[in-house]
Amino acid sequence: MSGTLHDAPPRDEATRDAAQLYFDHAATTPVDPEVARAMADCLAAGLGNPAATHPAGRAARERLEAARAEIARTVGAEEPAAIVFTSGATEADNLAILGIARAHADRARHVITARTEHRAVLDACARVEREGGRVTYLSTDRAGRIDVAQVRDALRPDTVLVSLMLVNNETGLVHDLAPVGALCRERGVAFHVDAAQAVGRVPLDVQALGADLVALSAHKCHGPAGVGALYVRRRPRPALLPLQFGGGQEGGLRSGTPPLHQAVGMAEAYRLLRERHPDEPSRLAALRDRLWTGLAPLGGLHRNGDPERSAPHILSVSVEGVDGEALVAALDDLALASGAACSSATREPSYVLRALGRDDPLAQATLRLSLGRTTTTAQVDRAVERVGQEVRRLRALAPGPLEPAESGRDWIEGEAREPLTGTHVRWRLRVVGGRIVEARWRARGCPHTLAACEIVATRLHGLVPGDLRLDTPGIAQAIGAPPDKLGRLFVIEDALQGAALQVRPSTA
Ligand SMILES: *Cc1c(COP(=O)(O)O)cnc(C)c1O
């Protein structure tokens, strides 16, 4: 294959459309072509190890330090040496939390964080607990907000660290952290901020924040994946132990030869944010508002987070009256994130949305649309149209009022629900001479539930309501439903049995 990095391979129309409707910038962003070019140039330059004293090493060191200075400038660090390169924000969060906790392992140690933090923070905190430390997980209000008074109340004499995120990755809520920073300073407690979602979207000045440690990522703002940084305040410098050991690079906090081209890519991404795209946050905010204004007339929408304190690139909405899995399956032309269990590795609805008090069915029926530099007004309008179409279609399928054609003395009706998943099935059967002559269904359920209803409806004709044998396991197998779906498929049968109980002697 010949060609350069930027000769896009040919794509068929469907692939191109899919790429155009990318609404998952909070998960990762496309690498800016200029970033890719800077990285390619760096790789091609044949530089040495930055630790070496020969010219090739010196040249590498110069580029590495220039990258460090660029990142320091973008986030307001007092000096470049405050930036420690890592493999991403996950490692930076781990280094901050475990590094502080382990540095205080000689005494009782207590960490304060929140239930709505990223897994990189929560799992590092769980590790602290396994190593003998204590962790307080603050609850939020229904918008996901935390008040500085909650932090003050949770502080103990043995508290060594407070760790909170600046922008929530699921809801886009921007936390008001400066008062927490001031409180931590006053009490001599280290303050760590996960700012992975903040860079390039909300103003970030690590000193104004009063943070001692700040986790940064490159791939959330059009840089490469696999690189990030931890800002570590220089004066006073928090006591921090490294996670890995070796050559003592990065001030002893992150041994290993630094990935120069990655650092260069991150720095280029950060430079572009500052120099080329200063107005991007307001452009994104306008697009986000257009998205919300377009969707709101659907009704029955809950906007997650706080509209008054919302990052410009994230809109998270929970949709009433539809099954989350069915909605996401129907929107397969949109790359977005959802609360639906089927779309996550754990098959659990989002713990963040549950922490905000959303019940499971509503948490499942949550769409997170996140915007970036490649998002256009036309794409936003298309997303509004597509989400609207599918929400209306699924709501029309859900059990609702009687159709005129379904009432009358021949008709019987039955319904059943499964509250945990929000599955709701209703049958209306026309019974003549004791046998079913017509069957109609409405359901709110996952794609498998809807498919099973369709099959069952074709099998009911001529059957006696009081004597229905459906073979639900066989149907489940025929439509490829996973075994854990069987429970909700039985709801279909329960609804039919409910109808059968209504057979009147006169219709029987
Ligand atoms: C993406 C993200 C991370 C993890 O960043 P990586 O660079 O992918 O390791 C951590 N915290 C938040 C809030 C994020 O959005």
Answer yes or no as to whether ALA114 is touching a Ser or Thr at 6+ places or on another chain (Cβ under 9 Å), hydrophobic (A, V, I, L, M, F, W, C) and surrounded by 23 or more Cβ atoms within 10 Å (Cβ to Cβ). yes
Could we say that ALA335 is surrounded by fewer than 19 Cβ atoms within 10 Å (Cβ to Cβ), touching a residue at least 60 places away in the same chain (Cβ under 8 Å) and among the aliphatic types (A, V, I, L, M) here? yes
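So that you can scan it fast, the table gives a plain yes or no per residue for (1) in a strand (DSSP E or B); (2) in contact with a strand residue (DSSP E or B) (Cβ under 6 Å, 6 or more places away or on another chain); (3) of a type in the set (Ser, Thr, Tyr); (4) more than 30 Å from TYR137 (Cβ to Cβ):
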site: VAL322; (1), (2), (3), (4): no, no, no, yes
site: ALA326; (1), (2), (3), (4): no, no, no, yes
site: ASP332; (1), (2), (3), (4): no, no, no, yes
site: PRO349; (1), (2), (3), (4): no, no, no, no
site: GLY357; (1), (2), (3), (4): no, no, no, no
site: THR374; (1), (2), (3), (4): no, no, yes, yes
site: GLN389; (1), (2), (3), (4): no, no, no, yes
site: PRO401; (1), (2), (3), (4): no, no, no, yes
So which residues in region 447-478 are part of a loop (DSSP other than H, G, I, E, B) and either without any contact (Cβ under 8 Å) to a residue 24 or more places away in the chain or under 17 Å from ASP494 (Cα atoms) (or both), if there are any at all? LEU460, LEU463, VAL464, LEU468, ARG469, LEU470, ASP471
Where residues in region 418-433 are surrounded by fewer than 18 Cβ atoms within 10 Å (Cβ to Cβ) and under 30 Å from ALA363 (Cα atoms), which of them is farthest from the chain's Cα centre (by Cα)? PRO419
Restricting attention to region 75-87, report how many residues are near the ligand (Cβ under 10 Å from one of its atoms) and open to solvent by less than 10 Å² (accessible area, probe 1.4 Å). 1
Leading residue by the ranking (nearest to the ligand (Cβ to nearest atom)) among those in region 172-183 that are assigned to a loop (DSSP other than H, G, I, E, B) and open to solvent by 10 Å² or more (accessible area, probe 1.4 Å): HIS175
Please pick out the residue among VAL121, VAL135 that is within 16 Å of the ligand (Cβ to nearest atom), touching a residue at least 12 places away in the same chain (Cβ under 8 Å) and open to solvent by less than 60 Å² (accessible area, probe 1.4 Å). VAL121
From the list LEU243, LEU204, which one is over 15 Å from SER87 (Cα atoms), assigned to a loop (DSSP other than H, G, I, E, B), modelled with pLDDT of 95 or more and not hydroxyl-bearing (Ser, Thr, Tyr)? LEU204
Residue list for region 207-240, filter: part of a strand (DSSP E or B) and either over 19 Å from the mean Cα position of the chain (by Cα) or not polar (S, T, N, Q) (or both): LEU213, VAL214, ALA215, LEU216, GLY228, ALA229, LEU230, TYR231, VAL232
Give the residue that is least open to solvent (accessible area, probe 1.4 Å), with candidates limited to residues of region 228-274 that are more than 23 Å from LEU209 (Cα to Cα), within 16 Å of the ligand (Cβ to nearest atom) and among the aliphatic types (A, V, I, L, M). ALA263
Tell me which residues, restricted to region 188-227, are small (Gly, Ala, Ser), within 24 Å of LEU260 (Cα to Cα) and more than 12 Å from the ligand (Cβ to nearest atom). GLY200
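Quick check on PRO281: is it modelled with pLDDT of 95 or more, farther than 19 Å from PRO203 by Cβ and surrounded by fewer than 18 Cβ atoms within 10 Å (Cβ to Cβ)? It would help to see each step written out before you state the result.
Values: modelled with pLDDT of 95 or more: yes; farther than 19 Å from PRO203 by Cβ: no; surrounded by fewer than 18 Cβ atoms within 10 Å (Cβ to Cβ): yes.
No; evaluated as a whole, the condition is false for this residue.
Just to check your reading of the model, which residue among ALA101, ALA60, ALA67 is touching a Pro at 6+ places or on another chain (Cβ under 6 Å), at pLDDT 95 or above, more than 16 Å from the ligand (Cβ to nearest atom) and over 17 Å from ALA195 (Cα atoms)? Outline the logic, then answer.
Details: ALA101 fails: touching a Pro at 6+ places or on another chain (Cβ under 6 Å); ALA67 fails: touching a Pro at 6+ places or on another chain (Cβ under 6 Å).
So the residue among ALA101, ALA60, ALA67 that is touching a Pro at 6+ places or on another chain (Cβ under 6 Å), at pLDDT 95 or above, more than 16 Å from the ligand (Cβ to nearest atom) and over 17 Å from ALA195 (Cα atoms) is ALA60.
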Kindly provide the set of residues from region 41-55 that are surrounded by fewer than 16 Cβ atoms within 10 Å (Cβ to Cβ) and either of a type in the set (Asp, Glu) or over 21 Å from GLY248 (Cβ atoms) (or both), ordered by number. ASP41, LEU43, ALA44, ALA45, GLY46, PRO55
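The values are calculated or read from the model by the stated rules, or taken from the named source; none is laboratory data. For clarity, every value in this text was computed on a predicted model and none was experimentally measured. Cβ coordinates were reconstructed from backbone atoms using ideal geometry, including for glycine residues, and neighbour counts include every protein chain displayed. The area values use the complete protein model at the heavy-atom level, side chains included, leaving out ligands, DNA and RNA. Shrake-Rupley method; radii C 1.70, N 1.55, O 1.52, S 1.80 Å.
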